[in-house]
Amino acid sequence: MSTLYFSLLLGLPLLSGILCAFLKRRTLLEAITLFSTALTFVGALLLSAAVLRGTSLITPKGWFFLDALSAYIMLIVTGSAFVVSVYSIGYLRRQIVNRKVDAKMLRLYYMLLNIFLFTMLLVLISNNLGFLWIGSESTTLATAFLVAYYERESSIEAAWKYVIICSVGIGLALFGIILTYFSALHVVSSQSTALNWTSLIAVANQLNPDILKLAFVFALVGFGTKAGLAPMHTWKPDAYGEAPAPISALMAAGLVNVALYSLLRFYILVNKAVAVGFAPTLFVIFGLLSMVIAVPFILVQRDFKRLLAYSSVEHVGIIVFAFGLGTPLAYFGALLHILNNALAKLVLFLTLGNVRLAYDSKIMRRVSGAIKVIPVSATLLIVGVFAITGWPPFGVFVSEFTIVTAGFAAGNIFPSLVFIGVVATIFVGFIYYATQMVFGEPHRRIDEGDGDAFSLILIGALVAILFLLGIAIPSFLSNFIRQAVAIVQG
Amino acid sequence: MFDAQSINLSLEILAVAILVTAFLIVSSRSLLFYVRLFSVQSFLLGLVAVVVATGFGEFHILVAAVLTIGVKAIAIPYVLNKIIDRIKVHKEIEFNLNITTSLLVCGLLVILADSVGKPIIDAQVMHALPVSKVLPESIAMMMIGLFIMLARKQAVSQIVGLLTLENGLFLSGLSITYGMPLIVEIGIFFDILVAALILGVFVFRINETFDTVSVDTLRRLKD
């Protein structure tokens, strides 16, 4: 049965992507993408419900599987993809009017958006670490032309760096996978299952710890590059800055979490096989480094998309740091933060996409008085800024508070103080730029024209969810996250 | 069919020959020569796969051998040659590091690779697995591939560096695990081929947009 589910889940976006390559009509392209992302999201919901009921979803040869952890990330990824596909319709229609996009580019966009979703899902349901790698590299390849989309000098530069840096990174991760495979060959009887995560975790304590440590370092560098963990984050501001706004949104809300998820699988494995402390220490160090490195670039920033990219570096750091604390409470906070950060990033990238369309610029000092030009987007933007910087009563506050509490409880006093310092400083920078853009008078005459009603309602719904998550975590969600925490604990 | 000693000997000879091609890439400044060397390197790698497949009875690796030769020794070099012809840039003029120093650094990298590979070989001894002597060569290849990407400026050299790194990865896989399951290998080859094609397209675009293919010009994006 699970083979059928997984084929449907992967087949839908893949076939839609292929279909889009042969279509010309705009409405058809939009309808197919909307249909495929909506159905994938529904599929992810049904599969998550099945996982939570305790149904084991693993294909007969064990190559593909779904557990609470992958289901949780999958829900976030497919939900983001759906929001992004709704938003893309209005965004690209306006870019066609502005002559920034032509019919050929439109087809490329919808084709690659579907393929991008397919590659992320491939990573998430792969039990076989080889497939997981293939999926990860494919996410880079699927997004390469989306980063280069507008064919400006700067976008080609960004795309080149993106593909080169991520391919090198993911190449190193492959060495980590080869080493893991090697460490398992003498333990797992069959060659075809020695790469499966479920069989590896079952025999984790018999694997050679030295080899696994080495493997983990390579996996950390490799998937850390994909996630944009400092100091391997340099491609991120370029790529997020140059890609169309909805694609940047899906990279920041989806792809980042897919990369973190891959890294997490290795983290769980190594924690079970190696004496405590090795992987968590590395996570705390790299997590803190990412948070701290992001600060100056956020404080002195001209471009609002790059600002969000550095915010993404910061929050990847927060999540990795939280996992590194190694307690169930911290794991809970980290997983909750993955959701909150994804919601807030969608809100920010998409509302700033509307700012970009209205002002035809992503330079912050050229934007002011947005509240008069695009009142709805500007309102959602300022609320989103308060949400991402960890203000109550929004979800990010709850998850960050949980993480800091866990940090102090685990005795990591100094790192937790650094955490608080970083979050407070970044808040100041964010509010400064956001108020400048939102309030005041426009520098020149800007035609009023906000995003379309559907996407604004969706973004509003995301803000509402962030708000609700700041008030109380619904029991089905905390139940879901607790099951995922149990997997992270090994 | 063959005794273990002669298999290991031929593997070692091939691995050293592969390493020599990597050094020759570092010592040269002609882009066409890089590509030809990469092709030879991939062909030798294909032979390593053939030896592992027949020598240890792991016949699924024969498919990987055919793919290595088909994709990496023929298809990718063909594409890279087309690109070099079209962009009309044949020589690497400027270096971040000159050739003599580069060769010296690569020599040191080989020594470093030997020490990195040691715990893995120790583990092989501990678990009474067949010890492969070519692991240090494969790690050295990865490092030299990375080094080429850092030391050279032409976009084509960057691609060759990346591909050398990937050849090193494949060699390491062959030497310590006798290759991954076949379907995984096929997927990896597909990804590498697509990556090379995409990077090739970008080289054209860089050439059209910047009128040069030195990645030095890619310095616009800054904070």
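The values are calculated or read from the model by the stated rules, or taken from the named source; none is laboratory data. Quick caveat, the model's predicted, so the values are computed rather than measured. Cβ: placed from backbone, ideal geometry, glycine included. Neighbour counts: every protein chain shown. Surface accessibility is based on the protein's heavy atoms, side chains included, excluding ligands, DNA and RNA. Shrake-Rupley method; radii C 1.70, N 1.55, O 1.52, S 1.80 Å.
So the values come out like this:
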item: Length-normalised contact order for chain B - Cα pairs under 8 Å, 6+ apart - percent; result: 23 percent
item: Amide H contacts under 5 Å for A:N196, placed H, 5+ residues apart; result: A:L129
item: Spatial separation of Cα centroids for the range A:381-404 and the range A:222-245, in angstrom; result: 23 Å
item: Rough spin-label spacing in nm, given labels placed 7 Å along Cα→Cβ, for B:D85 and B:D211; result: 2.6 nm
item: Rounded if a/c under 1.5, otherwise prolate or oblate - the range A:115-205, Cα gyration tensor axes; result: prolate
item: Total accessible area lost when B and A pair, probe 1.4 Å, Å² to nearest 100; result: 4400 Å²
item: Viscosity 0.692 mPa s, 37 °C: Kirkwood-radius Stokes-Einstein D of the range A:277-490 over Cα pairs, µm²/s; result: 186 µm²/s
item: Efficiency of FRET from Cβ geometry, B:F204 and B:I99, R₀ 22 Å, rounded to 0.05; result: 0.20
item: Paramagnetic label zone (point 7 Å from Cα along Cα-to-C-beta, A:S56; backbone N under 15 Å) in the range A:175-211; result: A:197-203
item: Drop in accessible area of at least 50 Å² in the complex versus isolated chain, residues of the range A:134-166, 1.4 Å probe; result: A:I134, A:L141, A:F145, A:E153, A:I156, A:E157, A:W160, A:I164
item: Fraction of accessible area attributable to carbon and sulfur, the protein assembly as shown (%, probe 1.4 Å); result: 69 percent
item: Angle between chain B longest axis and helix B:31-55 axis [Cα atoms, degrees, rounded to 10]; result: 20 degrees
item: Rounded D (µm²/s) - the range B:129-183, Kirkwood Rh over Cα pairs, Stokes-Einstein at 25 °C, 0.890 mPa s; result: 210 µm²/s
item: Using alpha carbons only: equivalent-ellipsoid semi-axes of the range B:4-209, gyration tensor based, whole Å; result: 29, 20, 13
item: Descending principal axes extents, the protein assembly as shown, alpha-carbon based, whole Å; result: 79, 57, 49
item: Dipole of chain A, positive direction: furthest Cα of A:V428, A:V300, A:A239, with charges on the beta-carbon; result: A:A239
item: FRET efficiency, B:I74 to B:D122 (Cβ-Cβ, R0 30 Å, nearest 0.05); result: 0.20
item: Charged-residue dipole, Cβ positions (Lys, Arg, Asp, Glu), the range B:4-209 about Cα centre, Debye nearest 20; result: 620 debye
item: Solvent-accessible area per residue for chain B (1.4 angstrom probe, square angstrom); result: 41 Å²
item: Chain B: angle of helix B:182-210 to the longest principal axis, Cα-based, in degrees nearest 10; result: 10 degrees
item: Cβ charges +1 (Lys, Arg) and -1 (Asp, Glu), total dipole of the range A:289-424, debye; result: 540 debye
item: Length added when fully stretched, A:L468-A:D447, from 0.36 nm per residue minus Cα-Cα; result: 4.1 nm
item: Gained length - A:L477 relative to A:T425, 0.36 nm times residue gap less alpha-carbon distance; result: 15.7 nm
item: Over the range A:39-116 - Rg/Rh using Cα atoms and the Kirkwood inverse-distance radius; result: 1.16
item: Accessible area of chain A divided out per residue, in Å², using a probe of 1.4 angstrom; result: 32 Å²
item: Dipole magnitude of chain A, debye to nearest 20 (Cβ charges: Lys/Arg +1, Asp/Glu -1, about Cα centre); result: 600 debye
item: Trypsin sites (Lys or Arg not before Pro) restricted to DSSP loop in the range B:36-113 with at most 10 other C-beta within 10 Å; result: B:K88
item: Label point at A:V418 placed 7 Å out along Cα→Cβ; residues across the range A:258-295 whose backbone nitrogen lies under 18 Å; result: A:277-295
item: Cut-off under 5 Å, modelled amide H: who pairs with A:D303 long-range; result: A:M364
